[in-house]
Amino acid sequence: MRELLTISQVNPFSDRSPSHSVTLSESKNMTKINVLHFADIHIGMENYGHIDSNTGINSRVIDFLHRFDEVIAYGLSHEVDLVIFAGDAFKTRDPSPTLQREFARRVKHLVDAAVPVVMLVGNHDLPAMEKKASSIDIYRTLGVSNVIVGWEEALHVIETKRGKVQVATAPYPMRQRLLAQAEHRGKSIEELDKALQELVGDNIRALAEQLDPEVPAILTGHFTVSGATYGSERSVMIGRDVAVLKSVLSDGPWDYVALGHIHKHQNLNEGRYPALVYSGSLERIDFGEEKEAKGFCWIELEKGHTTWQFVEVKARPFVTINLDVREENDPTLAAQAALAQHDFTDAVVRVNVRMRPEQDASLREKDLRAALRDADYIAAINRQADREVRERLGGLSPEGMTSKQLLEKYLFVKNVEDDRIELLVKHAEKIFEMTNE
């Protein structure tokens, strides 16, 4: 049997959608085990929010907590047997006591229902310093009943109401762990990334070799898998990412791979067994996730015959409205009439208004904001004024223009005064000459 390698030994904490089904073998009439898989709650996100007068908490924090409530309510009402939380409980590594309290309240609902919970340590849960505890380490320290904190690569055999489940945990891989080993000191970042990638792969294969072939098995990991499509998580990402090879996961004897870290829901092994699933985040962070469905996964776990489905939650809608009032006499009235045709109720909304330069003074933003009163939050009203460009440089295409000509035209379009253009171009010519040497 292969042993787990040093990534664990030097762990910093030491001291409603279509169903997806792929059949590996015929059902053996075994009882299916209900598993809930979700990730990336990021409690503490306050983008596009305001203080709620009733609670004193930012409204966006409340949104994220409500999505967590939806997940728990669904699980308990559908007789969940096991909960897999695949990492990133909070936005930051050191959440406030209020945020920790709100998270703990919800975990307690599952504990009180005697539902085992596996909580994986994600990159947002990890401390900045090696010897400090993670933001969810308190559950391990207190030995909270039915809560397993996945702080290292390990295999856990969990007894549920409907039978045993094997859960292998693979937390976010930290490069700092390698630096504690003499053989890796002095290596470049690229060399450390490669070593870490290989180490994570070896450890996951070692976990697979420990499995009981008769008991259903889940691997849960918080990391990037090669070939995955990113969402907006890069805008809030902590630390440099190392991608785990997809083959490491797809070639194993798992019945389901529950992933966290990437906010866009996706199955990386579509049409094959096992499913390699990012449940995605529960709430939208920004407009980059405007059109993404948010939710969690519901799994009916059975050895060799596991099925799953994505369940969408009522995430706060983000709405972008593009208006064109260039042909209108009164841009404000035209914009108001156009806004009335859109549904932005309770949404985070931004409006882009395209107009002529001379219309800018006539666009009354106060009136537009009044028209948007049913929105939860107005992120922006962007004025996009078209400017008539004189062909100062003749009929040349950009490809046929010199660097000097391109700069002149750019400054002209930006309405920079002629004297200023001449001065800037004069200084820029020196840079162009150096570049061409």
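By how many nm would the segment from T229 to R162 grow when fully extended, if each residue of separation counts as 0.36 nm and the alpha-carbon distance is taken off?
On the way: separation 67, 0.36 × 67 = 24.12 nm, distance 3.47 nm.
Using 0.36 nm per residue and subtracting the Cα-Cα distance, I get 20.6 nm.
Once you order the gyration tensor axes a ≥ b ≥ c over the Cα atoms, which shape class does region 44-133 get: rounded for a/c under 1.5, otherwise prolate or oblate by comparing a/b with b/c?
Working: a/c = 2.14, a/b = 1.14, b/c = 1.88.
In terms of gyration-tensor shape, oblate.
Just want the ordering: S188, S403, S59, S279, from fewest to most Cβ atoms lying within 10 Å of their own Cβ. If you can, show how the numbers build up before the last one.
Values: S188 8, S403 14, S59 17, S279 29.
The fewest-first ordering by Cβ neighbours comes to S188, S403, S59, S279.
Tell me, L142, L276, L411, L65 in order of fewest to most beta-carbon neighbours within 10 Å?
On the way: L142 9, L276 24, L411 18, L65 21.
Neighbour counts put them in this order, fewest first: L142, L411, L65, L276.
Which pairs, out of K194/K246; K32/K314; K91/K294; K91/K314; K108/K161, put more than 25 Å between their alpha-carbon atoms? Numbers along the way, then the final one.
On the way: K194/K246 15 Å; K32/K314 28 Å; K91/K294 17 Å; K91/K314 20 Å; K108/K161 18 Å.
Beyond 25 Å: K32/K314.
Among E292, E312, which comes first, second and so on when ranked by fewest other beta-carbon atoms within 10 Å?
E312, E292
Given R₀ = 45 Å, what would the calculated FRET efficiency be for R272 paired with N322, taking r from the Cβ atoms and rounding to 0.05? Let's see the in-between values first.
Values: r = 40 Å, r/R0 = 0.89.
It comes out at approximately 0.65.
So which trypsin sites (Lys or Arg not before Pro) in region 202-303 end up in coil per DSSP with only 13 or fewer other C-beta atoms within 10 Å? Each step should come with its number before you reach the end.
Working: sites: R205, R234, R240, K246, K264, R272, R284, K291, K294, K303; in loops: R240, K264, R272, R284, K291, K294, K303.
Those satisfying the criteria are R240, R272, K291.
None of the figures in this text is laboratory data; all of them are computed from the coordinates on show. No experiment lies behind these values; they were computed from the predicted model shown. Because the Cβ atoms are built from the backbone with ideal geometry, glycine has one as well, and the counts that use them run over all protein chains shown.
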